[in-house]
1. In nm, to one decimal, how far is the modelled label at residue 331 from the one at residue 389, with both set 7 Å along Cα→Cβ?
2. Grab the alpha carbons of the range 2-445, take their convex hull, and tell me the volume per residue in Å³.
3. Among rounded, prolate and oblate, which fits the range 65-162 when a ≥ b ≥ c are the square roots of the eigenvalues of its C-alpha gyration tensor, a/c under 1.5 means rounded, and a/b larger than b/c means prolate?
4. Pick out which of 11, 173, 432 has the largest mean-square fluctuation in a Gaussian network model of the chain, springs linking Cα atoms closer than 10 Å.
5. Rounded to two decimals, what ratio of Rg to Rh does the range 171-210 give with C-alpha atoms and a Kirkwood Rh?
6. For the range 149-224, place one equal point scatterer on every Cα, skip the solvent, and apply the Debye formula. What is log10 of I(q)/I(0) at q = 0.16 Å⁻¹?
7. Quick one: Debye curve from the C-alpha atoms of the range 298-450, no solvent, what's log10 I(q)/I(0) at q = 0.13 Å⁻¹?
8. Have a look at 316, 134, 244 and tell me which one the Gaussian network model of the chain (Cα, springs below 10 Å) gives the largest fluctuation.
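None of the figures in this text is laboratory data; all of them are computed from the coordinates on show. Remember, it's a predicted structure, so these values are computed and weren't measured experimentally. So basically every Cβ, Gly included, is an ideal-geometry build from the backbone, and we count neighbours across all protein chains shown.
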Ligand SMILES: Cc1cc2nc3c(=O)[nH]c(=O)nc-3n(C[C@H](O)[C@H](O)[C@H](O)COP(=O)(O)OP(=O)(O)OC[C@H]3O[C@@H](n4cnc5c(N)ncnc54)[C@H](O)[C@@H]3O)c2cc1C
């Protein structure tokens with residue numbers, strides 16, 4: 001085994017968008033003198049932060065109808081960080097894209113819900129507009145007309161914006177974080193690819209992080225290994241009060257330009273995953289993507305062999321986990337949702353079932369317009385809170401207070417990469433007795449609060 005005698009101040013495990021954002025913030029806003037990132041694969045962001053794996057949405061809370069106003073206020077701050085970072089470096093139309101976006105209500109109840117939500121949220125998002133059927137005919141006609149050109153019968157209301165940054169390629173964003181961090185030549189910034197962390201041990205106050213080829217030493221470690229963060233935490237005896245259930249998401253795609261922007265639907269607040277939506281794909285010209293679906297999958301990495309045993313270990317199956325599953329299945333809405341999403345993966349019948357749902361957005365859509373998007377999708381590691389016997393909605397972080405932190409980052413984890421990194425960089429500076437340039441961070445990446 002190769003020997004590396006340097007002791008880094010901070011070592012990051014995982015080179016997805018979360019690990020890369022942290023690497024950038026350490027190099028840009030602190031006086032930490034050395035940082036190292038270990039990534040399992042031969043490229044950054046090949047798993048969930050890949051553009052093909054996620055919905056590419058900068059979730060800022062304006063059209064996510066399952067967010068409360070409180071949650072929206074929080075995500076807006078982190079979403080603006082991504083926007084401000086991209087503007088600062090001139091990444092418009094390269095990493096971050098502007099186009100119209102909206103959430104639609106269909107039928108009497110959903111339309112009333114959307115209008116009420118608009119009143120509640122318009123102060124936080126002053127740019128939001130209400131679109132009636134006539135306006136939608138002009139700006140997003142595919143929502144209105146069926147294949148014979150007849151208009152939609154049901155009432156429909158859209159609430160959204162036409163001039164906001166709505167989409168990001170989180171893979172290229174993570175590469176940009178690394179490139180910009182490396183510009184700071186005053187500190188040591190090392191990246192090692194093909195370096196899967198196998199074991200972490202603290203010996204005499206220093207973490208020894210082992211890969212197949214080498215052992216790396218660091219005063220502090222932050223684990224941003226996506227669905228594997230909890231697996232690594234458990235292997236070190238931390239976070240046993242959490243289990244994890246991987247929820248895969250797949251997409252269907254149409255080989256034509258159907259929608260001009262992102263169209264979300266009213267979401268069920270009980271479900272922690274984004275509802276089915278449609279939008280132009282930023283990596284595929286003239287394609288429209290519909291999805292994601294939500295499918296329980298017994299592995300931690302999509303489209304990669306193995307990780308079945310890792311799944312079972314991280315699930316931490318016991319009476320509390322069984323109780324969580326029982327309670328979820330007891331709810332007929334959640335049960336039907338889970339079963340329906342299994343159906344979406346079945347060849348032929350899955351497409352027909354999916355089409356029925358996608359037609360709620362685009363009534364003219366036909367079976368020949370869409371196909372299952374092979375190789376698209378990822379895994380959202382949803383956290384099971386065993387103590388409170390609940391499926392947690394959103395992200396979780398375990399700060400052990402002993403110089404090691406573990407981050408679990410299901411959606412909207414890509415959008416909150418810079419916000420989560422800000423939290424961790426402050427934890428690291430306290431632990432390592434280093435300085436965080438909060439003023440500069442706020443000036444460059446934060447928006448004035450209203
Ligand atoms: C279908 C779907 C749609 C989504 N849509 C959105 C969206 O529209 N907007 C949004 O904000 N979020 C979305 N998300 C969530 C988002 O993709 C994730 O929150 C985000 O990508 C997490 O980034 P990460 O860097 O924490 O994890 P990952 O991207 O999973 O990266 C973890 C990295 O750690 C590495 N790693 C793992 N184990 C080890 C090890 N032992 N040693 C070294 N390296 C290791 C992996 O190889 C990987 O590169 C979506 C997710 C899915 C699945």
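1. Reported label-point gap for residue 331 and residue 389 is 1.5 nm.
2. Expressed per residue, the convex hull around the Cα atoms of the range 2-445 is 141 Å³.
3. On the way: a/c = 3.08, a/b = 1.48, b/c = 2.08.
Taking the square roots of the gyration eigenvalues as a ≥ b ≥ c, the range 65-162 is oblate.
4. Residue with maximal mean-square fluctuation among 11, 173, 432: 432.
5. Numbers: Rg = 13.9 Å, Rh = 12.6 Å.
Using only Cα positions, Rg/Rh for the range 171-210 is 1.10.
6. -0.84
7. -0.91
8. Highest fluctuation among the options: 134.
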